[in-house]
Amino acid sequence: MPFAFACLALSMLLVGGNIAIGKLILAEVPIYLFAALRFLIASLVLLPGMFLRDARRGLDRRACGGLFLQAFFGCFLFSLCMLHGVLLTSATSAGIITSATPSVIALLAWLWLRERISAAQLLAIVLAVSGIAALNLLERPETGSGSVAGNLLVLGAVLAEALFAVFSRRLSLSVRPWAMAFGVNLAGLLLFLPLAVPQALAFDWRLPSAATWVWLLFYALSASVLSFLLWYRGISQVPANVAGLFTGLMPVSSALVGVLLLGEHFSVGHALGMLLVLAALGLGTRRAELPPVAAARTGTAK
């Protein structure tokens with residue numbers, strides 16, 4: 001199980017670190033075009049592996065439907081709700097709502113997957129939520145005005161992310177990580193394509209610098225290929241409520257990359273939030289038990 005924890009941690013660190021890199025890309029590339037290019041590059045990179053029979057093991061019509069739902073909730077709906085939500089509400093409100101992600105994942109895992117949550121894991125969830133809240137809120141100036149519609153959209157993004165985690169947990173027990181990563185990226189490309197085409201037609205492709213294209217390639221390979229592969233490999237052996245704790249590493253790595261790459265200020269809130277998230281991971285993973293289904297599959301998941 002330590003290897004599964006390492007996969008989940010590295011996956012979320014990559015996603016969080018790429019948030020800062022995404023800011024650099026979006027300064028020169030429209031959002032929907034950026035999303036479509038990201039998924040296109042990842043799909044092309046993963047495509048050759050799909051010719052291997054072992055990579056396609058467990059991939060049937062039902063699994064394809066599950067992968068589409070993952071892409072719809074975790075890639076498409078999450079992006080739309082979060083992007084439009086933060087425009088309508090305050091940074092403080094959005095930060096409070098997104099901090100609830102680990103607890104929403106744990107709740108869905110309890111209701112849907114019937115995963116038990118021990119007292120230690122419950123405390124770990126509270127610590128993770130507190131840590132993310134500290135990273136999001138402390139010493140952040142208030143911007144924008146609160147809005148019920150904006151808050152609901154951000155809450156929808158959190159719910160979409162939680163559904164992605166639960167769907168990926170269920171499907172990872174029967175489908176190989178490579179096929180899951182390819183399917184989600186391909187579905188993400190198809191979902192964003194109608195929004196990206198008008199931007200692509202109106203876009204001046206000579207405008208972005210060479211560095212921007214390099215960052216976009218790096219983003220696609222790390223966030224859409226490596227991160228997905230690591231997440232699916234890890235969650236196949238870890239309960240969803242425990243895997244949800246690792247989402248706390250996203251704002252941690254985002255803050256660190258923001259400080260190192262973008263020159264942002266490292267605050268007391270950053271330090272406190274990181275300590276709380278790390279404490280949550282230490283507590284939540286110390287006594288995590290491998291579910292019976294995953295335990296039976298461990299021998300074939302290498």
> Going through the range 60-83 one residue at a time, which ones are surrounded by 20 or more Cβ atoms within 10 Å (Cβ to Cβ) and assigned to a loop (DSSP other than H, G, I, E, B)?
Replying inline: none
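Just to be sure, is Val45 touching a helix residue (DSSP H, G or I) at 6+ places or on another chain (Cβ under 6 Å), surrounded by fewer than 20 Cβ atoms within 10 Å (Cβ to Cβ) and within 17 Å of Cys75 (Cβ to Cβ)?
Working: touching a helix residue (DSSP H, G or I) at 6+ places or on another chain (Cβ under 6 Å): yes; surrounded by fewer than 20 Cβ atoms within 10 Å (Cβ to Cβ): yes; within 17 Å of Cys75 (Cβ to Cβ): yes.
Taking the combined requirement at face value, the residue satisfies it.
Taking the residues in the range 102-124 that are of a type in the set (Val, Ile, Thr) and at pLDDT 80 or above as candidates, determine which candidate is farthest from Thr247 (Cα to Cα). Outline the logic, then answer.
Initial filter on the range 102-124 (of a type in the set (Val, Ile, Thr)): 104-105, 117.
Those left that are additionally at pLDDT 80 or above: 104-105.
Numbers: Val104: 11, Ile105: 10 Å.
Ranking the candidates gives Val104 first.
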> Within the range 173-221, can you find the residues that are touching a residue at least 60 places away in the same chain (Cβ under 8 Å) and in a loop (DSSP other than H, G, I, E, B)?
Replying inline: Leu173, Ser174, Val175, Arg176, Phe203, Leu207, Pro208, Ser209
> So which pairs qualify, if the first residue must be in the range 26-43 and outside any helix (DSSP H, G or I), the second must be of a type in the set (A, V, I, L, M, F, W, C) and buried (at least 19 other Cβ atoms within 10 Å of the Cβ), the Cβ gap must be under 9 Å, and the two must be at least 6 apart or on different chains?
Replying inline: Val29/Leu37; Val29/Leu216; Pro30/Ala196
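Among the residues of the range 32-56, write down those that are farther than 13 Å from Phe182 by Cβ and of a type outside the set (A, V, I, L, M, F, W, C).
Listed by number, the residues that qualify are Tyr32, Arg38, Arg53, Asp54.
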>> Just checking, does the range 233-255 include any residue being of a type in the set (A, V, I, L, M, F, W, C), under 18 Å from Ile25 (Cα atoms) and part of a helix (DSSP H, G or I)?
In response: yes
> Is there any pair linking a residue in the range 136-158 that is buried (at least 16 other Cβ atoms within 10 Å of the Cβ) and of a type in the set (Lys, Arg) to one that is outside any helix (DSSP H, G or I) and at pLDDT below 50, with Cβ under 9 Å and at least six apart or on different chains, and which?
Replying inline: none
> When you go through Gly131, Gly156, Gly150 one by one, which is the residue that is part of a helix (DSSP H, G or I), closer than 15 Å to Thr98 by Cα, over 20 Å from the mean Cα position of the chain (by Cα) and at pLDDT below 90?
Replying inline: Gly150
> Within the group Leu221, Leu249, Leu245, which residue is of a type in the set (A, V, I, L, M) and modelled with pLDDT of 85 or more?
Replying inline: Leu221
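The values are calculated or read from the model by the stated rules, or taken from the named source; none is laboratory data. Quick caveat, the model's predicted, so the values are computed rather than measured. Here the Cβ is made from the backbone with ideal geometry for all residues, glycine too, and neighbour counts use every protein chain on show.
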